[in-house]
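Student: I am attaching a structure below and will ask some questions about it afterwards.
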Amino acid sequence: MTGPVLPRTHPLPHLDVDAAFGLQQRLVAAAGDELPGAAMFTADAGVRPETGRPRTTAAVERVLATAFGAQAACLVQGAGTGAIRTALSAGPWEAGDRRLLVHDAPDYSTTATTFRDGMVQPVRADFDLPDAVQRALADPDGPAWVYIQHSRQRLTDSFDPMQVVAAARAAGRRVIVDENYAAVRTPAIGTEHGASASAFSLFKLHGPEGIGVVLGDDDLIETAHRANYSGGGQVQGHQALHALQALVNAPLNWARQSAEVHRLAGLLGQGAVPGIVDAKVANVQDLCVVALLAEPEADRVRAAAATHGAAPYPVGSNSRFEVAPMIYRLSSSALSAQPELRDWTLRINPMRAGADLVVDILRRSIPN
C-alpha cells in the first residue's frame, strides 16, 4: 500500500544547555531580588488593597517580567487559554477594534473557540509569504493588532515568528504572541523582541494546574489587572510561588528533552524501528518527532505503545504529570491542514524518557 509522504518541516530553534542555564540564572537572580530570604518559602492570599492581589503573586509577576524582558506581568487562571483571552481582552477588545491580523492556517482548537466567541475578528494573511505580510501591514485601514502563534500551526509552516513581530512593530502595529509550547524552549519570546504581550501556560512548565501568565507592556497588563478584580479570579500567593519554583527547573529539562527529540528523529530516520519509514522533527504543538508508518495502523500502534510504557494522551503537554514518553496523534490544527496523515503518523514526545527507551517501546508496538 502506498501511503502519504511527510512534508518538509521547519522546526523552531531550541535552547541548548548553556542558554537554558542562562535563563535559569535570570529567574534565580530576579527571584532573589523580589523574594529575598524567607519570602521564597512563604506566601499570602487575598485581595490586598494596595495591589488587588496577594503580595507574593505581585512579587512573582515582577520576577517573570524581569526574566523575560517585559515591562510587567499578570498571573491568571485558565492556563494558556486564560492567558490568551486575557491578552486579547486587554488589547484589541479594550482598544475598541476587534480586528486581528492572524496567520492564514488552521487555528489551535481553543484559540478557534475564542475567535468564534466574538472576542476578536480574524483578518488572515499567510505569514509564510513575506509579501503577504507586508501587504497586510501596509494597509492603513488594516488591524492595529497582530496575533502570532509561536509554535507551528501546520507541519509546513516556515516563517520566523520573531521576524513577523519585528515587521509588525516597524509598521506601527501592536503584537500579541501565543507562546504556548515555545516559552522556555526557544531562544526568545515575543516580549523580548518588542511584542506588546506574550501569553502562555505555566501548567505546561510544571506549575500548578490552571495557572497562566501574560507578560507585556504596562498599559496592557494594568488593564488586565483592573479587569481581574474578583477575589475568586486571583492567582493566590502559594500558587504563584509554586509556579515559580517549578519554572526555575524547566529550562535545563527542556534543553535536554529537545536534544533527545532530535536524536530520536535521527535514529528513526536511520531505520532503528522496522515499520517506520520516515521521521521528522516538528513543532506540533510541542517540539516532537512525527513518524510515518509503513502501514495505516496508527491507532493500533498507539494502543499497543500504551501497554508497553507510553502515555496514550497528554495531561497538559509537558505538565508535571508527564513522565512517560507520549505516542499520540498529530494536533488537530496539523490534521486540519493535512488530514491524509491521520492513519499513517505518530506524534512522539520523549517527555522525561530518552530516545533509546522510545525506540524500544516502538519496536515492541509495531508488528514485524
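Student: Within the group Ala306, Ala334, Ala324, which residue is within 26 Å of Pro208 (Cβ to Cβ) and either in a loop (DSSP other than H, G, I, E, B) or aliphatic (A, V, I, L, M) (or both)?
Tutor: Unique residue meeting the criteria: Ala324.
Student: Condition test on Arg169, is it closer than 19 Å to Ala197 by Cα, surrounded by fewer than 22 Cβ atoms within 10 Å (Cβ to Cβ) and either more than 18 Å from the chain's Cα centre (by Cα) or not β-branched (Val, Ile, Thr) (or both)?
Tutor: Yes: the conditions hold for Arg169.
Student: Being hydrophobic (A, V, I, L, M, F, W, C) and touching a Leu at 6+ places or on another chain (Cβ under 9 Å) is the filter here, so list the residues in the range 61-82 that pass it.
Tutor: Once the filter is applied, which keeps residues that are hydrophobic (A, V, I, L, M, F, W, C) and touching a Leu at 6+ places or on another chain (Cβ under 9 Å), the range 61-82 yields Val63, Leu64, Ala65, Ala67, Phe68, Ala70, Ala72, Ala73, Cys74, Leu75, Ala79.
Student: Residues in the range 68-82 that are of a type in the set (Val, Ile, Thr) and either surrounded by fewer than 22 Cβ atoms within 10 Å (Cβ to Cβ) or out of contact with any helix residue (DSSP H, G or I) (no Cβ under 9 Å at 6 or more places or on another chain) (or both): how many?
Tutor: 1
Student: Pairs, please: C-beta under 9 Å, at least 6 apart or cross-chain, first residue closer than 12 Å to Gly212 by Cα and in the same structural domain as Phe21 (by TED's automatic domain parsing) and in the range 242-255, second modelled with pLDDT under 95 and not small (Gly, Ala, Ser)?
Tutor: The qualifying pairs are Leu244/Met40.
Student: Kindly indicate whether any position in the range 184-204 is surrounded by fewer than 19 Cβ atoms within 10 Å (Cβ to Cβ), farther than 30 Å from Gln134 by Cβ and either in contact with a helix residue (DSSP H, G or I) (Cβ under 9 Å, 6 or more places away or on another chain) or not assigned by TED's automatic domain parsing to the domain that holds Glu322 (or both).
Tutor: Within the range 184-204, not a single residue is surrounded by fewer than 19 Cβ atoms within 10 Å (Cβ to Cβ), farther than 30 Å from Gln134 by Cβ and either in contact with a helix residue (DSSP H, G or I) (Cβ under 9 Å, 6 or more places away or on another chain) or not assigned by TED's automatic domain parsing to the domain that holds Glu322 (or both).
Residue by residue, here is whether (1) in a loop (DSSP other than H, G, I, E, B); (2) touching a helix residue (DSSP H, G or I) at 6+ places or on another chain (Cβ under 7 Å); (3) within 21 Å of Gly233 (Cβ to Cβ) holds:
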position: Thr66; (1), (2), (3): no, yes, no
position: Ile84; (1), (2), (3): no, yes, yes
position: Trp93; (1), (2), (3): no, no, yes
position: Leu101; (1), (2), (3): no, yes, no
position: Thr113; (1), (2), (3): no, no, yes
position: Pro122; (1), (2), (3): no, yes, no
position: Phe127; (1), (2), (3): yes, yes, no
position: Val133; (1), (2), (3): no, yes, no
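Student: Scan Ala265, Ala259 and give me the residue that is crowded, with 21+ Cβ neighbours inside 10 Å, over 19 Å from Gln153 (Cβ atoms) and either modelled with pLDDT of 95 or more or not small (Gly, Ala, Ser) (or both).
Tutor: Matching residue, one of Ala265, Ala259: Ala265.
Student: Go over the candidates Arg99, Arg124 one by one and state the one that is touching a Pro at 6+ places or on another chain (Cβ under 6 Å), among the charged types (D, E, K, R) and surrounded by fewer than 16 Cβ atoms within 10 Å (Cβ to Cβ).
Tutor: After ruling out the rest, the residue left standing is Arg99.
Student: Give the range 212-223 a look and list any residue that's surrounded by fewer than 24 Cβ atoms within 10 Å (Cβ to Cβ) and under 16 Å from Pro54 (Cα atoms), or say none.
Tutor: Once the filter is applied, which keeps residues that are surrounded by fewer than 24 Cβ atoms within 10 Å (Cβ to Cβ) and under 16 Å from Pro54 (Cα atoms), the range 212-223 yields only Glu222.
Student: I would also like to ask the following. Residues that are on the phi < 0 side of the Ramachandran plot, free of Cβ contacts under 8 Å to residues at least 40 places away in the same chain and hydrophobic (A, V, I, L, M, F, W, C): does the range 42-57 have at least one?
Tutor: No, the range 42-57 contains no residue that is on the phi < 0 side of the Ramachandran plot, free of Cβ contacts under 8 Å to residues at least 40 places away in the same chain and hydrophobic (A, V, I, L, M, F, W, C).
Student: Considering only residues of the range 269-302 that are part of a strand (DSSP E or B) and of a type in the set (D, E, K, R), which is surrounded by the most Cβ atoms within 10 Å (Cβ to Cβ)?
Tutor: Lys280
Student: Could you count how many residues in the range 303-321 are surrounded by 21 or more Cβ atoms within 10 Å (Cβ to Cβ) and at pLDDT 95 or above?
Tutor: 2
Student: Any idea which of Val133, Val164, Val146 is among the hydrophobic types (A, V, I, L, M, F, W, C) and closer than 26 Å to Cys288 by Cα?
Tutor: Matching residue, one of Val133, Val164, Val146: Val164.
Student: Quick one: Pro7 ticks every box in (1) in a loop (DSSP other than H, G, I, E, B); (2) free of Cβ contacts under 8 Å to residues at least 60 places away in the same chain except a single one, so which number is it?
Tutor: (2)
The values are calculated or read from the model by the stated rules, or taken from the named source; none is laboratory data. Computed from a predicted structure; not experimentally measured. Don't worry about glycine lacking a Cβ; one is built from the backbone with ideal geometry, like all the others, and counts go over all protein chains shown.
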